[in-house]
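S.K.: One structure follows; several queries about it will come next.
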Amino acid sequence: MAKQQVTSEAVSSPSGHFSQAIATQARGRLLFLSGMTARLPDGTVTGAGDIDAQTRRVCDNMKNLVEAAGGAMEDIVRVDVFVRNIEHFAAIHRVRREYFPSPPPASTLLEVSKMVHPDMLIEINAIAVIQDM
């Protein structure tokens, strides 16, 4: 999939690993990933208190789903990130650089007060465009 990073000097530069905007041809299949958390296949939450470990698990979960649909992480064009502590911004983006090649997806990051499990620190949903074979 060819995705193009769209930038404007009239808009501030991203402060993390994300694009101001992403353009792509809308041919193929759209894949909508529900909010991924740091749950392991058995449903337990991993990495309690460790934002790096939880962000990696979330990204691994997204990667597994995108690949199950026939795509790859570079097919993800948008993510929405929900965190319990906005101070984890730099750590989250450091891990995201390991998973999202350039250009990175468009992104929103919000701090929330609670998640469905008290040990969860981060949740990410995503949209991917997977090219037809």
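The values are calculated or read from the model by the stated rules, or taken from the named source; none is laboratory data. If you're wondering where the values come from, they're calculated on a predicted model, not measured in any experiment. Here the Cβ is made from the backbone with ideal geometry for all residues, glycine too, and neighbour counts use every protein chain on show.
S.K.: Do any residues in segment 91-118 that are more than 21 Å from Thr24 (Cβ to Cβ) have Cβ atoms under 6 Å from those of residues that are surrounded by fewer than 21 Cβ atoms within 10 Å (Cβ to Cβ) and at pLDDT 95 or above, where the two are at least six apart or on different chains, and which pairs are they?
M.R.: These pairs meet every condition: Ala91/Asp52; Val95/Asp52; Val95/Arg56; Leu110/Phe82; Glu111/Ile86; Val112/Phe82; His117/Val45.
S.K.: I've got another one for you. Cβ-Cβ below 7 Å, separation at least six or inter-chain, first residue in segment 35-46 and closer than 20 Å to Val79 by Cα, second buried (at least 17 other Cβ atoms within 10 Å of the Cβ) and small (Gly, Ala, Ser): which pairs?
M.R.: Once the first residue is closer than 20 Å to Val79 by Cα and sits in segment 35-46, its partners that are buried (at least 17 other Cβ atoms within 10 Å of the Cβ) and small (Gly, Ala, Ser) give Ala38/Gly47.
S.K.: From Val77, Val58, which residue is buried (at least 21 other Cβ atoms within 10 Å of the Cβ), out of contact with any helix residue (DSSP H, G or I) (no Cβ under 7 Å at 6 or more places or on another chain) and over 25 Å from Ser12 (Cα atoms)?
M.R.: That would be Val58, the only listed residue that is buried (at least 21 other Cβ atoms within 10 Å of the Cβ), out of contact with any helix residue (DSSP H, G or I) (no Cβ under 7 Å at 6 or more places or on another chain) and over 25 Å from Ser12 (Cα atoms).
S.K.: Of everything in segment 51-70, what is without any contact (Cβ under 8 Å) to a residue 60 or more places away in the chain and not aliphatic (A, V, I, L, M)? Give them in sequence order.
M.R.: The answer is Asp52, Arg56, Arg57, Asp60, Asn61, Lys63, Asn64, Glu67.
S.K.: Taking the conditions exactly as written (more than 14 Å from Ala128 (Cα to Cα), more than 15 Å from the chain's Cα centre (by Cα) and at pLDDT 95 or above), does Thr46 satisfy them or not?
M.R.: Taking the combined requirement at face value, the residue satisfies it.
S.K.: Could you check Ala126 against (1) modelled with pLDDT under 95; (2) in a strand (DSSP E or B); (3) among the small types (Gly, Ala, Ser) and say which number it fails?
M.R.: With respect to (1) modelled with pLDDT under 95; (2) in a strand (DSSP E or B); (3) among the small types (Gly, Ala, Ser), Ala126 is out only on (1).
S.K.: A further question follows. Kindly evaluate Ser113 against the criterion of being surrounded by fewer than 19 Cβ atoms within 10 Å (Cβ to Cβ), among the hydroxyl-bearing types (Ser, Thr, Tyr), more than 24 Å from Gln20 (Cβ to Cβ) and in contact with a Lys or Arg (Cβ under 8 Å, 6 or more places away or on another chain).
M.R.: Judged against the criteria, Ser113 is a match.
S.K.: Something else about it: With (1) over 16 Å from the mean Cα position of the chain (by Cα); (2) exposed (fewer than 12 other Cβ atoms within 10 Å of the Cβ); (3) under 19 Å from Ala126 (Cβ atoms); (4) modelled with pLDDT of 90 or more as the list, and Ala26 as the residue in question, which single condition is left unmet?
M.R.: Ala26 satisfies every listed condition except (4).
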